[in-house]
Protein chains: 2
Amino acid sequence: MQQETYDLVILGCGPAGLSAAINAIIRNKKVLVLGDEVCSPPLHKAQKIDNYLGLPDMSGAEILERFMQHALRMKVEIRPARAEMINDMDGSFSILSGDDVIEARSIVIATGIPYKPTLPRENEFLGKGLGYCATCDGPLYRDRDVLIISHSEEGEGEADFMAGICRKVYYLPLYRQEPNLDQRVEVLSGKPMEIIGNDFVEGCKLKDGQIINVEGIFVLGGETAPDRLIPGLILEDNHIVVNRQQETNLPGVFAAGDCTGAPYQVAKSVGEGQVAGLNAARYASRR
Amino acid sequence: MQQETYDLVILGCGPAGLSAAINAIIRNKKVLVLGDEVCSPPLHKAQKIDNYLGLPDMSGAEILERFMQHALRMKVEIRPARAEMINDMDGSFSILSGDDVIEARSIVIATGIPYKPTLPRENEFLGKGLGYCATCDGPLYRDRDVLIISHSEEGEGEADFMAGICRKVYYLPLYRQEPNLDQRVEVLSGKPMEIIGNDFVEGCKLKDGQIINVEGIFVLGGETAPDRLIPGLILEDNHIVVNRQQETNLPGVFAAGDCTGAPYQVAKSVGEGQVAGLNAARYASRR
């Protein structure tokens, strides 16, 4: 079934993402926002925001609610889903999100404060026993032992899948809810501290000193680093490099908000979202 | 009398200026905003603003009122005055405003959409018979004829002063109120169209074809171009060049909002004001 192509797909439903969305909609663009259940968790927890001009003395949750009301009033389409991979198909973009493939003429990245590795030396072991997608790399670990470290319940399905392939699957949840897993999966508790290994992963040390000997470690459910999402995107100090028009180094890809650098502030995000949204709308019009 | 030094002096009381002010005040800085009677005349006239996230469906006047209420609630000091000249005094700034000299550790320029010359070829004749401060250049025109073109009543005092020096003073008001002037000043009406002269000013042609023969023309009460306000400030296409931290080429001088370039939008201005305010506050702390 041929889907309609969106003019803009916006990753993230925090202040930057919603500001980009309303600005593009005013330009009559077809817009899709991919967001989490909670938009901008750090803002949601903020007790008091007093420096977003025009809305004094608000909690983070209140201000997010105002933003969401504004977006819904403007009929912004928001889907509680996550982009897993974005490919540049010679001028348009193909976004993999769960079982869907979404087409877009332009992309606005507004994914918030950038991903911080869960473990030290994570980048060093990436592709050498450490990965972020168990189902993608699963076949490589047939009849071997793996550890899945998961920031959210989303990791449980991947653990169940791996249980059918691997010799042994350990599952270390970094969230509160009790995991509901295939009986073959062994649930651990504690905090992962260190990757053991020289050139390749040999295990993971937990905070209590216990060492889990595995050949594969998957870290799941954390934010996806933008340059893993869109290959070729240039970062600096973990932030997406943009110019004052919020253009990244990739034509048609814009970025706004905390993912572009400090200060991590609401007004900066809303302002950058506006500029990104207007420029992405213009870019899409020219396609 | 020694005045206390302000940490920030902010030029302009539109969205960018007020956003800079509240953000610097949250950082416990001493802030002064120099603004006009109407903050951001273009926004004040806007019928509907629907793209400032969180405050949907507002008129420009309503949104400005909200912004001003927020600023007053944060005890921002706003003075209805204009900066005429800013000098860098080796690390602090000295701002001439009417009869006052104000000292500041940092400057935020938020003066809005940049000055457009009133007359064609204005820049060409600048210093060759054309000027923006009659009282400054007055002595050069002793016993000569001059024309004062004024965008506001402020020009009347300068015309009266010139009447005591010059042979003949013509006064062309570009505002509605009836001017109240020294009897020696001749009031004209109409629209100035063209500067007459080769290397130096010889006169001014009005729309009805009439030519006023003068050796000096002063254009008063328009916005002051930022690089005339602060010598050495780099502009490009009439806008102040800033980086993503809202720093200009001059240390301690920041700029935000429409004066830094398009899009001329509220959210962009508020976001840039925030970044400029926070960075100017940090700069002032280090002095």
task: Could you please find all residues in region A:249-268 being buried (at least 16 other Cβ atoms within 10 Å of the Cβ) and either in contact with a Ser or Thr (Cβ under 7 Å, 6 or more places away or on another chain) or more than 13 Å from chain B (Cβ to nearest Cβ) (or both)?
output: A:Leu250, A:Gly252, A:Val253, A:Phe254, A:Ala255, A:Ala256, A:Gly257, A:Asp258, A:Cys259, A:Ala267
Extreme residue, nearest to the other protein chains (Cβ to nearest Cβ), among residues of region B:275-287 that are in contact (Cβ under 8 Å) with a residue 60 or more places away in the chain and under 15 Å from B:Ser19 (Cα atoms): B:Leu278
message: Let me confirm something: among A:Ile149, A:Ile165, which residue is part of a strand (DSSP E or B), aliphatic (A, V, I, L, M) and surrounded by 13 or more Cβ atoms within 10 Å (Cβ to Cβ)?
response: A:Ile149
field: Filter result for B:Ile217 (of a type outside the set (Phe, Trp, Tyr) and surrounded by 16 or more Cβ atoms within 10 Å (Cβ to Cβ))
entry: yes
message: Quick check on region A:21-29. Is at least one of its residues in contact with a strand residue (DSSP E or B) (Cβ under 6 Å, 6 or more places away or on another chain) and buried (at least 24 other Cβ atoms within 10 Å of the Cβ)?
response: yes
query: Taking into account only those residues within region B:78-101 that are closer than 30 Å to A:Asp57 by Cβ and surrounded by 15 or more Cβ atoms within 10 Å (Cβ to Cβ), which is nearest to the other protein chains (Cβ to nearest Cβ)?
result: B:Ile78
message: Cβ contacts < 6 Å: first residue under 13 Å from B:Gln265 (Cα atoms), restricted to region A:256-274; second residue buried (at least 24 other Cβ atoms within 10 Å of the Cβ) and of a type in the set (Lys, Arg), any location; separation 6+ or different chain. Result?
response: A:Gly271/B:Lys268; A:Gln274/B:Lys268
- prompt: Considering A:Asn198, A:Asn213, which residue is of a type in the set (S, T, N, Q), modelled with pLDDT of 95 or more and within 19 Å of A:Arg121 (Cβ to Cβ)?
  reply: A:Asn213
task: Quick one: which residue in A:Leu233, A:Leu172 is under 20 Å from A:Tyr115 (Cα atoms) and part of a loop (DSSP other than H, G, I, E, B)?
output: A:Leu233
- prompt: Across region A:118-146, what is the number of residues that are outside any helix (DSSP H, G or I) and touching a residue at least 24 places away in the same chain (Cβ under 8 Å)?
  reply: 15
query: Any idea which of B:Met68, B:Met74 is in contact with a helix residue (DSSP H, G or I) (Cβ under 6 Å, 6 or more places away or on another chain) and within 14 Å of chain A (Cβ to nearest Cβ)?
result: B:Met74
- request: Please work out which residue is nearest to the chain's Cα centre (by Cα), limiting yourself to region B:238-248 and to residues that are surrounded by fewer than 20 Cβ atoms within 10 Å (Cβ to Cβ) and within 13 Å of another protein chain (Cβ to nearest Cβ).
  value: B:His239
query: Has region B:199-208 got any residue that is part of a loop (DSSP other than H, G, I, E, B), more than 16 Å from B:Lys128 (Cα to Cα), of a type in the set (Phe, Trp, Tyr) and outside the structural domain of B:Asp90 (by TED's automatic domain parsing)?
result: no
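The values are calculated or read from the model by the stated rules, or taken from the named source; none is laboratory data. Note that this is a predicted model, so its numbers are computed, not measured. Note that we place each Cβ from the backbone using ideal geometry, even for glycine, and neighbour counts take in every protein chain shown.
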